[in-house]
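> So that we are looking at the same thing, I have put the structure below in structure tokens.
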Amino acid sequence: MKEQSSIPVTKTQRSAKFVKTGFQIGGNYIKHYSKKLFNPQLTNDELNEDNATDIYKSLSELKGSALKIAQMLSMDKNILPKSYIDKFTQSQYNAPPLSGPLIVRTFTKSFGKTPEKIYDKFNLRSTNAASIGQVHTAELNGKKLAVKIQYPGVGDSISSDLKMVKPFAFRLLGMSEKELNIYIKEVEERLLEETDYELEVKRSIEFSEACKNLNNVVFPTYYPELSGKKIISMDWIDGHHLKEFLKTKPSQELRNKIGQALWDFYNFQQHELRAVHADPHPGNFLITPEEKLGVIDFGCIKEMPDDFYYPFFSLISTDVIKDKAKTIEAFRKLEMIHKEDNAEQIEFYYHAYREMIELFARPYTSEVFNFDNPDFFAQLYSYGEKISKMAEFKQARGVKHFIYVNRTNFGLYAILQELKAIVNTTTYKPHLK
Amino acid sequence: MATAQQIRNGYIDYVLMNDEKPKSVYSFVKKLKISESDFYEFYASFESIEKIIWVELIVETIGTLQQQEVWNEYSSRDKILAFFYSYVEVLKKQRSFVIYSLKTTKDRFSTPDALSGVKPIFEHFAEEILNEGLETGELAERKFFSKRYKDALWIQFAFIVKFWVSDDSTGFEKTDEAIEKGINVTFDLFQRSPIDNLLEYGKFLSRNGHFKEKMRF
């Protein structure tokens, strides 16, 4: 892969990137319609494919938060056309790396020493990109380590990036900017937390300790003394990412085992810890040769406050949803139905959101759920597609916590679907008053 | 008996406290309690002290770089990047002096007086690295232009030092970005690019102009 040694950093340069994308997308439309003149059968798939490629290209050159947003959009499969998704999922794997001297520089700044003086061995070529940083291998006392290094200036550029991604994202989502600011703020908070590597190390240690008794889930050991504001050192975990794992044609039994580990990992956190690893993209997991699930990134943690947890999960795991009055009551608490809504609107949103909740809760409704279920996912996507086109949903609804909770759970479902896993969904259930 | 080091430190201390040069060598040596001949044994003037401090800083930078194990594995691009990262790190130790010196020296744009000793050292250093790059094919050999690559790097040098002087970001992070971007752009221009190919094609067409008649449909 081509080594990329610069991030467009100033706002103008970044804007230029987006402008370029805009032009390219414009170009794609022209290309599409001129082709369509000759071939009226041409569908929008090719156009979407072209657009996705260009958007992905410029986002991955931008790195930092823009790449993160690409990753996020790719998790929300239910609101994007399919070809956008395929390209965006690529951003979860590799992005071009930064120059060697800058890595050395980052080390001397944090530790006053070059990497070769800190580790017995250090590989200047990075093995993976981690969206706001890159991963290097190192060796210390005979142990193989993974060292994550953050790109300089990432924290600085997040807010300005978000400002620029906003209109672009809104166009994709078709919503107005003003109403979505509260959500953008939530995203910004999480993204800024992710740039705090000291916090990440602290949380990684806490969460891996809290989750250590889960079956078939393993965590790397973290080294706080070899970590800093821009650097995290942890044990290297051998294993395959999801896609490579699936290429090895794992047995149904093994896929179930990994799927169960994922399910337990997420639901243990949601219901026992009330704070969840909210970044379920496949790049954060490894399947080890011992057939265990390795979790390697705790950058993004979403805490679930009581005033969200209780109304939301009472809808998911109790009979509340069967009682219209109680359901509307819960929807009000979650701001999915507003005070000023009239009777007609209440009726409308009640039905629309009830459908969403029922889809969300589907895996919880039976003890064992088979995620190899094209019908279920087709319903999810078509629901997403349907509401993304409805004028009624082009306004802010639902408390901000939904962004990450939906992303986490639908992300989890999407991974389980790819695994085609059959999972026991009763292992860690919601606790309700 | 005073040493060069003492005089140098005394001078730095003086200019930073007073924000100007001592009035005369006479008044300066009196403060340091040394004789004038001690002073002249090491330095010809105040300006030469400043020049030497700058020279020492760049010599120290190049020295530490060449001791690094990875140095020999680096490409030309990486070497120049590494140079600037280390250089701003070394400059940090004398930041107040650097700011003072650039503020007071004459001719701030191309080559400030104080940097007149640094320029040949940097150019020599850069030229060696550029030649390596030209030999390995990392950089494009261009008639006339490849001799001027080092001038482009000197412009970067002046820019980066000035950027660093006015950088107020934590840990001078913005300077890091200025280096990473500026040097990469510069080296991208040094490499073979579509423009080279375009020029070659143009040359080819003009050399083979007699085909033009036959080419016409």
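The values are calculated or read from the model by the stated rules, or taken from the named source; none is laboratory data. This structure is a prediction, so every number in the text was calculated from the model and none was measured. Positions of Cβ are generated from backbone atoms using ideal geometry, with glycine treated the same way; all protein chains shown enter the neighbour counts.
> Among the listed residues A:PHE331, A:PHE313, A:PHE298, identify the single one that is in the same structural domain as A:HIS401 (by TED's automatic domain parsing) and either over 22 Å from A:LEU380 (Cβ atoms) or surrounded by fewer than 18 Cβ atoms within 10 Å (Cβ to Cβ) (or both).
Only one candidate qualifies: A:PHE298.
> Need the failing condition index for B:LEU139 against (1) surrounded by 18 or more Cβ atoms within 10 Å (Cβ to Cβ); (2) at pLDDT 90 or above, just the number.
Condition not satisfied by B:LEU139: (2).
> For segment A:358-370: of the residues being at pLDDT 85 or above and part of a helix (DSSP H, G or I), which is surrounded by the most Cβ atoms within 10 Å (Cβ to Cβ)?
The extreme case among them is A:PRO363.
> Hey, among the residues in segment B:52-78 that are facing chain A (nearest Cβ under 8 Å) and part of a helix (DSSP H, G or I), which one's modelled with the lowest pLDDT?
B:GLU69
> Further question on the same structure: A:ILE258: touching a residue at least 60 places away in the same chain (Cβ under 8 Å) and either outside any helix (DSSP H, G or I) or more than 19 Å from A:PRO363 (Cα to Cα) (or both), yes or no?
For A:ILE258, the condition - touching a residue at least 60 places away in the same chain (Cβ under 8 Å) and either outside any helix (DSSP H, G or I) or more than 19 Å from A:PRO363 (Cα to Cα) (or both) - is not met.
> Based on what the data block shows, is A:GLU272 surrounded by fewer than 16 Cβ atoms within 10 Å (Cβ to Cβ) and assigned to a helix (DSSP H, G or I)?
In short, yes.
> Oh, and also: Restricting the search to segment B:140-149, which residues are part of a helix (DSSP H, G or I) and either of a type in the set (S, T, N, Q) or closer than 16 Å to B:GLN191 by Cβ (or both)?
Passing the criteria: B:PHE145, B:SER146, B:ARG148, B:TYR149.
> All but one of (1) buried (at least 20 other Cβ atoms within 10 Å of the Cβ); (2) away from every other protein chain (no Cβ under 14 Å); (3) at pLDDT 65 or above hold for A:PRO101; which doesn't?
(2)
> Does at least one position in segment B:99-109 carry a residue that is of a type in the set (Asp, Glu), within 14 Å of chain A (Cβ to nearest Cβ) and surrounded by fewer than 16 Cβ atoms within 10 Å (Cβ to Cβ)?
Looking through segment B:99-109, none of the residues is of a type in the set (Asp, Glu), within 14 Å of chain A (Cβ to nearest Cβ) and surrounded by fewer than 16 Cβ atoms within 10 Å (Cβ to Cβ).
> Exactly one of (1) crowded, with 16+ Cβ neighbours inside 10 Å; (2) part of a helix (DSSP H, G or I) is unmet by B:PRO22. Its number?
(2)
> Please state which one of B:ALA152, B:ALA82 is in a helix (DSSP H, G or I) and within 13 Å of another protein chain (Cβ to nearest Cβ).
The unique qualifying residue is B:ALA82.
> Which condition breaks for B:LYS92 when tested against (1) loosely packed, with under 14 Cβ neighbours inside 10 Å; (2) over 16 Å from the mean Cα position of the chain (by Cα)?
With respect to (1) loosely packed, with under 14 Cβ neighbours inside 10 Å; (2) over 16 Å from the mean Cα position of the chain (by Cα), B:LYS92 is out only on (2).
> So, one more: Looking at segment B:122-139, is at least one residue part of a loop (DSSP other than H, G, I, E, B), within 30 Å of A:GLU116 (Cα to Cα) and away from chain A (no Cβ under 14 Å)?
yes
> Now for a different question. So, of the residues in segment A:116-132 that are in contact (Cβ under 8 Å) with a residue 24 or more places away in the chain and not in a loop (DSSP other than H, G, I, E, B), which turns out to be nearest to the other protein chains (Cβ to nearest Cβ)?
Only one residue fits best here, namely A:PHE122.
> So in segment B:159-210, with the set limited to residues that are without any contact (Cβ under 8 Å) to a residue 60 or more places away in the chain, out of contact with any helix residue (DSSP H, G or I) (no Cβ under 6 Å at 6 or more places or on another chain) and among the hydrophobic types (A, V, I, L, M, F, W, C), which one is nearest to the other protein chains (Cβ to nearest Cβ)?
Only one residue tops the list, namely B:VAL185.
> Let me spell it out: the conditions are (1) buried (at least 17 other Cβ atoms within 10 Å of the Cβ); (2) in contact (Cβ under 8 Å) with a residue 60 or more places away in the chain, and A:GLN252 meets all of them except one. Which number is the exception?
(1)
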